[in-house]
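Here is the structure we will look at, set down as structure tokens.
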Amino acid sequence: MLLLLFLPQLVLSNKITDIHYSDFDFYSPTDSPKNNWTVNYGSWLTLPSLDFAAAAYSTDPSPCLEKHKAKLVLRVQVPCDAFRDECWAFIAISRHFIIFSVRGTQTQTQLIVEIIESMTAPKKEFPAGGSVQHYFYESLQAIWNAGFGTKLAELKKAYPKLKPKELLLVTFGQPRVGNIEYAKLHRRLVPNSFRIVHRYDLVPHIPYCYERLRRPHKCIPLHSHGPFHHPTEIWYPTEEMNLNNSLFKICDGLPIGEDQNCRQNLI
């Protein structure tokens, strides 16, 4: 999993529109997210995001950052599970953005640990609401305690009135990280979220969600226990994936976050 968090330092009114959100049922067509979620996605966002994603895999992110005139502020490399698999992450700053990037799963061992812990370890309560998978919660804590917490606290003082619509989140091949209550909360707190998913990537299908027995076999929250994706999925259905010109689909159907017409339809 890879996260990219952008906090605009300047008002980009031509890129980010006002987002209206409410506590609605993820299975209800009321308050359709179509107008809220489709206007902000495009190559202007994904191409630099891919560079920042690649930078998280390097011991020296600077070459990828310099391409976008961004400067490295902090980089951490810390063990984040019992097998000493490492989590890498960095914070960088440019004229328009503060970038928070986390390296995705790197080794087969790390992937196996993630799957086993997701299946066996109880979810962790997320302070703002809902619950998240044990592995991802503990990994974030490791990164936070390695210096990210202090640095982000400093940034919070510099930007005390940051609004949800000013946040952007881009992930590539993200697994399910929490339950449906967390997914709802995530949508409110970070409305401009985009999960980029390739047709043949299995990772977005794990941990497996609970499905209803009758057709269509859509994901169900199972009393808020089952894993559930937050919106919005950007699905690339062809084998060849070029973020600049490949065909993609913005998946804002029901249930929100688990659109049956995109990735989930393949299961």
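The values are calculated or read from the model by the stated rules, or taken from the named source; none is laboratory data. Predicted model, so just to flag it, every value in this text is computed and none were measured. Here the Cβ positions follow ideal geometry from the backbone for every residue, glycine too, while neighbour counts run over all protein chains shown.
Scanning the stretch 229-259 for residues that are touching a residue at least 60 places away in the same chain (Cβ under 8 Å) and closer than 20 Å to F126 by Cα gives P231, G257. Across the stretch 114-136, the qualifying residues are those that are among the β-branched types (V, I, T) and within 20 Å of the chain's Cα centre (by Cα), and the one among them that is farthest from I206 (Cα to Cα) is V132.
Out of contact with any Phe, Trp or Tyr (no Cβ under 9 Å at 6 or more places or on another chain) and among the acidic types (D, E) - does that describe any residue in the stretch 67-84? No.
Quick check on the stretch 65-104: of everything there that is of a type in the set (S, T, N, Q) and under 19 Å from E154 (Cβ atoms), which residue is surrounded by the most Cβ atoms within 10 Å (Cβ to Cβ)? Going through the qualifying residues, I end up with S101. Beta carbons closer than 8 Å, at least 6 apart along the sequence or on distinct chains, pair a first residue in the stretch 72-86 that is farther than 14 Å from T105 by Cα and touching a residue at least 12 places away in the same chain (Cβ under 8 Å) with a second that is hydroxyl-bearing (S, T, Y) and surrounded by fewer than 16 Cβ atoms within 10 Å (Cβ to Cβ) for L72/S62. Residue count for the stretch 109-146, restricted to those that are farther than 15 Å from P175 by Cα, of a type in the set (S, T, N, Q) and modelled with pLDDT under 90: 2.
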